[in-house]
Amino acid sequence: MKNLQEATERICELKGSLIALDSLLPALIEQSSAAVRASMRRSLEVHAEAARTVMLHADISELALASFERDIARNLALLERRAAPRAPAAVPPVEALLMATSRVTTFFGPNVLTSASGFFFQRDERLFIITNRHVFIDADNGHLPDRIELGVHTDARDLTRHATVSLPLYRDRLSLWRDAKDSGGQVDVAALEIPAAALPADAVLQAFDTSHLEQGDEIVQMGDALAIVGFPLGFHDTIHHLAVSRSASVASAFGVRFQQQGWFLTDARTHRGSSGAPVVRRRTQPDGRPGALPWQLLGIHSTRMDMTSRDKDEDESLGLNCAWYADVLLALTASR
């Protein structure tokens, strides 16, 4: 009787441990990226097949075999399922566009180098910070940072609550950001993926996605009103950690590569620190989804355009700027 009681207690303990593992496994899978889940699924299929080969020559009941196949199928389904989307946070009390932009500060070790602008871009389950390539590297001017810091809000209502996210630019001497070249040469846009683990659990932000690149029936014409949202000279609302917007307009034929470069021109007053700011136009036919950004992402502000032959004593600056066409983000954020 004693041995039977001990065996029964042990079976109950094992059942409890198995239930605990069954609870842990889905939690681990849900916190894994799509790439990690795909890799785990392939590995599980290999190990499961090896286990089947072993069991063919072992004295195992049909019930045990059926349980094995059932649990393998269940775990494969868990790994194949997309992670459930996060519940939407409370709507911030400001224009959503401001929650999609962030100040980007570059560092070399502990030393602050420069301040620039950037914005968040979502592609499938991956989140990127988008800015100019010259923010991450500008060898001609000796600008060689090794990490950046960007800011995110941590409360949808109290915008004074804010956290700093530090991201390395290199691993094993290889750059972590993505850039591109086209027929005109180097494109001054870079995308750096933000690992989910790098963000605070209570991060509150907005992000552009591929739908904001779509033009649809809304034709972009010269003279259209634009906004360039960023941190000129580092200036911003330091209490609520919010960018500022400069009014702009389309100043060249949109869709035509100005001087065969991958940019169009904007007419706006800009300053250093605006590098990497999103260039947007308000939708005339906004997306009806709750919380959707009602903006079309047209470009990424890069630099001021001027005439080298301008007489600085006699002639004012042109007041024109280069904005790289935003469709380059489709290539920079594609799965690899």
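Annotations for the structure displayed:
- Residues of segment 244-257 classified as of a type outside the set (Gly, Ala, Ser) and farther than 14 Å from His301 by Cβ, total: 3
- Among the residues listed as Thr308, Thr284, the single one being under 18 Å from Leu226 (Cα atoms) and either at pLDDT below 90 or assigned by TED's automatic domain parsing to the domain that holds Phe235 (or both): Thr284
- Tally, over segment 161-194, of residues that are surrounded by 12 or more Cβ atoms within 10 Å (Cβ to Cβ), out of contact with any helix residue (DSSP H, G or I) (no Cβ under 7 Å at 6 or more places or on another chain) and not in a strand (DSSP E or B): 2
- The set of residues in segment 126-179 that are aliphatic (A, V, I, L, M) and either over 24 Å from Phe208 (Cβ atoms) or out of contact with any strand residue (DSSP E or B) (no Cβ under 8 Å at 6 or more places or on another chain) (or both) comprises Ala139, Leu144, Leu174.
- None of Ser61, Ser102 is more than 24 Å from Ala201 (Cα to Cα), at pLDDT 65 or above and either of a type in the set (Ser, Thr, Tyr) or touching a strand residue (DSSP E or B) at 6+ places or on another chain (Cβ under 7 Å) (or both) except Ser61.
- Contact map, segment 32-52: residues that are closer than 20 Å to Glu69 by Cα paired with residues that are loosely packed, with under 12 Cβ neighbours inside 10 Å, Cβ distance under 8 Å, separation 6+ or inter-chain. Pairs shown: Arg37/Glu80; Arg41/Glu80.
Conditions tested, residue by residue: (1) closer than 25 Å to Leu242 by Cβ; (2) in the same structural domain as Thr105 (by TED's automatic domain parsing); (3) at pLDDT 95 or above.
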{"position": "Ser166", "(1), (2), (3)": "yes, yes, yes"}
{"position": "Asp172", "(1), (2), (3)": "no, yes, no"}
{"position": "Gly184", "(1), (2), (3)": "no, yes, no"}
{"position": "Asp188", "(1), (2), (3)": "no, yes, yes"}
{"position": "Ala191", "(1), (2), (3)": "yes, yes, yes"}
{"position": "Ala201", "(1), (2), (3)": "yes, yes, no"}
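The values are calculated or read from the model by the stated rules, or taken from the named source; none is laboratory data. Note that the structure is a prediction, hence the values are computed from the model and not measured. Backbone-built Cβ (ideal geometry, glycine too); neighbour counts: all protein chains shown.
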